[in-house]
Every structure is written in C-alpha cells, then in structure tokens.
Amino acid sequence: MDIKDKYDAEFDSSNDNNQPISFFANIKYLLVGIFFGIVFVKAEIVSWFRIQEMFRLSAFHMYGVIGTAVIVGMISIYLIKKFNVKTLSGEKVVLQPKSFHKGQIYGGLIFGLGWAITGACPGPLFAQIGGGFLAVIITLLSAIAGTWVYGKFMEKLPH
C-alpha cells in the first residue's frame, strides 16, 4: 500500500454512512466559522503584527492563545475518551494513533516559514479576508497551490 492509499484509507472514513450532506446541514458549520472568525479578529489572533511579535519573541499574546488552545484540546480529548462521547449523528468518536515521520519536520519548517513570512496560517486566512485584509487572498491562493503541489508529489516526498 503506497502513501496515497494510506492517506485515502485514513480520510475516506469521515463519511462512512455515505449519506449525502445537504446544504442546510452545513449551515451550522458556516455559523460556527463566522463566529470563530469574529473572535479571531477581535482577539487580534489574525493580526500580522501580533504574529510578527510572536516570531520575534517580543510578546506573549500569541503564545498564550496557542497554549490555551493546546490545554483545551488536551482536556477535550481526555473527556471524549473518558465519557465515550459520540458525534451529533450518534457515531463513536475514534482517535487514530499517529506515528512520527521525518517528513513532519520538513513540513513543519515549511509551514512555520510561510507563517512567519505571510503572517497567516491556514485557519485564520478566511478571517483575515473577512476582516478586510484583501492582500491575504494571495496567501490563500498560495496555500491552495502548495496543497496541490503536495498532492502531485506526495508519493515522492519523505513520509
């Protein structure tokens, strides 16, 4: 099994029941995304200056946000496992074990370099665009192009 087959096997199970998802069923995700975008803008998480402060080690703001997110994630995973939490559709939440690969180091370095140069990681890109920072559209298009390049050369890259 090559890397593409492993990737497809891991991620194709996200909709195991193969039910079509209606447009209206996704409205809840749109609303949560808008809410998070507003929070990101108001908390200055999408601010290029805040991100530069983080990479220059001159302010704690972003480290506090990221650290809080890590702690909330750890507590959430603990609670999901402890109480056997199910999805909204009643499916069991399955957390797959992850293995370390040297490609993660290369990918992390490229990701961090891009984040430092552009002042944006993929999550807040849409919040930045929604906040009126239209130059970030170039960053979004670059992220899409990078994803395409990775997909094209996935089998030749270290994993």
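Read the figures in this text as sums done on the coordinates, not as results from a lab. Given the structure is predicted, the values throughout are model-derived calculations rather than measurements. Heads up, the Cβs are rebuilt from the backbone with ideal geometry, glycines too, and the neighbour counts pull from every protein chain shown.
For the stretch 34-159, what percent of Cα pairs sit more than 22 Å apart?
53
Going through the DSSP H helices of the chain, which span 24 Å or more along their own axis at the Cα atoms while scoring at least 0.5 as a mean Kyte-Doolittle hydropathy?
61-82, 136-153
Can you give the calculated 222 nm mean residue ellipticity of the chain, where each DSSP H run of n ≥ 4 adds -39,500 (n - 2.57) and the sum is split over every residue, rounded to the nearest 500 deg cm²/dmol?
My calculation for the chain gives -19000 deg cm²/dmol from helical runs alone.
Under the rule of at least 5 residues apart or a separate chain, name every residue whose amide H is placed under 5 Å from the amide H of His159.
Gly103
Using only alpha carbon pairs under 8 Å that are at least six residues apart, calculate the relative contact order of the chain and give it in whole percent. Intermediate values should be presented prior to the final figure.
Working: 84 pairs, mean separation 47.9, N = 159.
Result for the chain is 30 percent.
Enumerate by residue number the chymotrypsin sites (Phe, Trp or Tyr not before Pro) in the stretch 32-82 meeting two conditions: DSSP loop (anything except H, G, I, E, B), and at most 11 other Cβ atoms within 10 Å of the site's Cβ.
Working: sites: Phe35, Phe36, Phe40, Trp48, Phe49, Phe55, Phe60, Tyr63, Tyr78; in loops: Phe60.
Sparse-neighbourhood loop chymotrypsin sites (Phe, Trp or Tyr not before Pro): Phe60.
For an R0 of 22 angstrom, estimate the FRET efficiency from the Cβ-Cβ distance between Leu109 and Arg50 and round to the nearest 0.05.
Plugging the Cβ-Cβ distance into 1/(1 + (r/R0)^6) gives 0.50.
Over 25 Å between Cα atoms, which of Lys42/Lys81; Lys92/Lys156; Lys81/Lys152; Lys28/Lys92; Lys102/Lys156 qualify?
Lys42/Lys81; Lys92/Lys156; Lys81/Lys152
Provide the gained length on full extension for the span Val39 to Leu141, in nm with one decimal, where the gain is 0.36 nm per separating residue minus the Cα-Cα distance.
Contour length minus Cα-Cα distance gives 34.4 nm.
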